[in-house]
Amino acid sequence: MTIKKDVTLPQELGNGHAWRNDITGLRALAVLPVLIYHAFPGLIPNGFLGVDVFFVISGYLISGIIFRGLQKGDFSWKSFYAKRVKRIFPPLLLVLLFVAVVGWFFMTREEYLLLGKEIYGSALFFENLRLLSHLGYFDPGAIYKPLIHIWSLSVEEQFYIVFPLIAMALWRFFPQAKWLGLFVLAMTVSSLSWCLLAQDKSFAFYFPLTRFWELSFGILLAWGETFYAFQLKGKSARLVPAIGFVLIVTTYFLVINELESPGFLNLGCVLGAVMVLMGRDGFINKTVLSAGPMVFVGLVSYSLYLWHWPLLSFQALIYPMGAWWVTVGMLLASLVLAVASYYWVENPVRRLKGKASKRSVIVLLVLMFAAFALGQGIRGKKGFPERSFVVNNPVLMVREKEQPEPAGWHERVINGVELEVTDPTRMPEILLIGDSHANQYRRRLLAEAKRTGKVVGLYALNGCLMVPGVTYSDYCVEHASKVETLYALPSVKRIAVSQVWGEWKNTLRYRQQFQAMDGRVLTFKNGGFALAMETMQAMMKRHPEKRYFIVLDAPWDHGSYDIAKRINRLGENNFSTLLVPYPNLDWWRDGNDYVVKTFEGLAEILNPTPTVCPNQLCDLIHYGDDDHMDKTYLEKNATWLDPIFND
């Protein structure tokens, strides 16, 4: 296959503006393992590391353009950003439109609402930052997020925006190559150290400054080639790229138990990519990476990366029980779409010159802002519950309808605390505190308050660990700080706490510093959840006259326990029950075990699991989503709460 220069990518130019087929082939070596890993994880255990190779290539090529422009004195930031817009925006806009249209017809209200957030996060390239507090890349529920893969594009775009400005500023005031190199080297060491030492690996995975080192390894190579004519010669020019190629492939297949990413395996992959880029005339570069099929895949790799994940995600959502050949079909479809996008959209836009080129940049910017507005509109309209939902399934149709808020709850301010009570004329006798796992019992609490004549207070905020002193969110800390005021109410005789224990235990385990109520910064060696549990213990001991209850979690998972993810949305599913074993993700059990041990002798333990999952089989008909029970089911069946009300 012959690759003509008029179809090359602008940033595919190495030092000296020479077209290098091997760099394009290296893109294929990056994208193919990612696709295979996403479709069949067992085939290439670390295929996701292909993204790291992309980072190195981007750093090398983009910084090469910048450095050559600065060296010659003709670098134009307007031209630079215009080329980035013409290169990146067209295929991304197609993908954003595609997911919005498919989601309109096949997603439930809640799913479409969340998709709206993904769309606006992707349109303004901050999806990686949005994901910091939402979902880990390796979480089971990630497959149901059609745009989660845009995190890597967001990191690159943040690099494209910031690095050229920094390089221009440094060059203006310190017009010597060594200062640029020292800056990049300092940032590389700092970023790599932060990445490897970070305890919260989800943070390290998404945060741009913990990923900069992967781009900067490529930047350092471009710096050496541009300003100091660095180039391998002789045997090293053939040997180094071969070693790098082997290193990349080895990291893809190397299986190491409990190895966290990003980490040392990512470093090995990055070093391998740099070593391959060093070569030009070696066997690997001229024969393997420059082979026609590799170059062809490399040319469409950007669009291929963009298209493959939404197709796999929608397959998992719409046709979850599909055979392996359906998944293969999705990969082939992504290749077809990528090729069509490359030849019919990307190339025509990129070839525009003069006024047409300037107009195209303006149009693309406007369209991307429109995509952002579309995402915000979907979010603002709460997923458009009135739209035409094509799935004819009674279970999903019930989930599609928002359950009205039960009448009977009243807001009341007691000692400066706003809480909900079942009778605003009397002080509460029973109090339930927690997050959304407490709020799911609202109907049951009302029914029991009516049956027993007792007044119930509810102080629950979705997404908040309601324990004072553990500051992880400005939204939560103000309300959590008032919890002990409620503990001290003389009228309250019984206090129950219901939180998604396992989620908090696992998401807060790496946080070590928290702000206490008096403003002091506390350091806690075992992480935030342990601190929160000790704080709860202390509050209970300060008010020993009350009875305390800990409501455990029923089994839950990230994704697999949502019945909406198990239904064939292309046809009817006439079943009334769906029994599944305990989930593979054991966070729910881990959290339950921890609080049982922690509050032994202080609180009575209320366990829903025997009722919800008899014989260790859970009926997903009784679930509202993957970690909440159906509110109507709880109203009639949450008998495990009865001890709170019984004398």
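Brief remarks on what is shown
- Conditions (1) open to solvent by less than 50 Å² (accessible area, probe 1.4 Å); (2) touching a residue at least 40 places away in the same chain (Cβ under 8 Å); (3) within 30 Å of E429 (Cβ to Cβ); (4) outside any loop (DSSP other than H, G, I, E, B); number of the one not met by Y594: (1)
- Among residues of the stretch 101-113, those that are within 12 Å of K145 (Cα to Cα) and either modelled with pLDDT of 95 or more or in contact with a Leu (Cβ under 9 Å, 6 or more places away or on another chain) (or both), counted: 3
- Top-ranked residue in the stretch 216-265 [being open to solvent by 30 Å² or more (accessible area, probe 1.4 Å) and among the acidic types (D, E); ranked as nearest to W194 (Cα to Cα)]: E260
- Residue list for the stretch 603-618, restricted to those being in contact with a Lys or Arg (Cβ under 9 Å, 6 or more places away or on another chain) and open to solvent by 50 Å² or more (accessible area, probe 1.4 Å): E604
- Test: D627 is assigned to a loop (DSSP other than H, G, I, E, B) and open to solvent by 30 Å² or more (accessible area, probe 1.4 Å): yes
- Of all residue pairs spaced 6 or more apart or on separate chains, those with beta-carbon atoms under 6 Å, a first member in the stretch 85-114 that is within 17 Å of F384 (Cα to Cα) and part of a helix (DSSP H, G or I) and a second member that is open to solvent by less than 10 Å² (accessible area, probe 1.4 Å) and among the hydroxyl-bearing types (S, T, Y) are G103/Y112.
- One residue stands out in the stretch 1-42 among those that are part of a loop (DSSP other than H, G, I, E, B) and at pLDDT 75 or above: the one that is surrounded by the most Cβ atoms within 10 Å (Cβ to Cβ), namely R20.
- Among the candidates S152, S122, residue that is within 25 Å of S357 (Cβ to Cβ), crowded, with 17+ Cβ neighbours inside 10 Å and within 16 Å of the chain's Cα centre (by Cα): S122
- Applying the criterion of being open to solvent by less than 10 Å² (accessible area, probe 1.4 Å) and in a loop (DSSP other than H, G, I, E, B) to the residues of the stretch 410-435, the residue that is nearest to V455 (Cα to Cα) is P428.
- Flag for I621 being β-branched (V, I, T), closer than 23 Å to G141 by Cβ, in contact (Cβ under 8 Å) with a residue 12 or more places away in the chain and open to solvent by 30 Å² or more (accessible area, probe 1.4 Å): yes
- Just one of the numbered conditions (1) within 23 Å of V361 (Cα to Cα); (2) among the basic types (K, R); (3) open to solvent by 50 Å² or more (accessible area, probe 1.4 Å) is not true of R87: (3).
- Among residues of the stretch 284-299 that are without any contact (Cβ under 8 Å) to a residue 40 or more places away in the chain, none has a beta-carbon under 7 Å from a residue that is of a type in the set (K, R) at least six positions away or on a different chain.
- Within the stretch 43-74, the set of residues being open to solvent by 40 Å² or more (accessible area, probe 1.4 Å) and within 21 Å of F174 (Cβ to Cβ) comprises I65, Q71, K72, G73, D74.
- Where D627 falls short, out of the listed (1) within 19 Å of T108 (Cβ to Cβ); (2) touching a Pro at 6+ places or on another chain (Cβ under 8 Å): (2)
- Residue check: G469 meets all listed conditions (1) over 17 Å from I495 (Cβ atoms); (2) open to solvent by less than 10 Å² (accessible area, probe 1.4 Å) but one, namely (2).
- Residues in the stretch 127-181 that are in contact (Cβ under 8 Å) with a residue 12 or more places away in the chain, among the basic types (K, R) and part of a helix (DSSP H, G or I): R130 only.
- Yes/no for L192 being in a helix (DSSP H, G or I), in contact (Cβ under 8 Å) with a residue 12 or more places away in the chain, among the hydrophobic types (A, V, I, L, M, F, W, C) and within 23 Å of F125 (Cα to Cα): yes
- Selection of first residues in the stretch 258-280 that are at negative phi and among the aromatic types (F, W, Y) and of second residues that are assigned to a helix (DSSP H, G or I) and modelled with pLDDT under 95, restricted to Cβ pairs under 8 Å at least 6 apart or on distinct chains, gives the following pairs, ordered by first then second residue: F264/L196.
- Summed over the stretch 127-144, the residues that are at pLDDT 85 or above and touching a helix residue (DSSP H, G or I) at 6+ places or on another chain (Cβ under 6 Å) give a count of 6.
- Subset of the stretch 171-206 that is among the hydrophobic types (A, V, I, L, M, F, W, C) and either touching a strand residue (DSSP E or B) at 6+ places or on another chain (Cβ under 7 Å) or open to solvent by less than 40 Å² (accessible area, probe 1.4 Å) (or both) - its residue that is modelled with the lowest pLDDT: A198
The values are calculated or read from the model by the stated rules, or taken from the named source; none is laboratory data. Just so it is clear, the structure is predicted and the values come from calculations on it, not from any experiment. Backbone-built Cβ (ideal geometry, glycine too); neighbour counts: all protein chains shown. The protein model used for the area step is the full one, side chains on, heavy atoms only, and it has no ligands, DNA or RNA in it. Shrake-Rupley method; radii C 1.70, N 1.55, O 1.52, S 1.80 Å.
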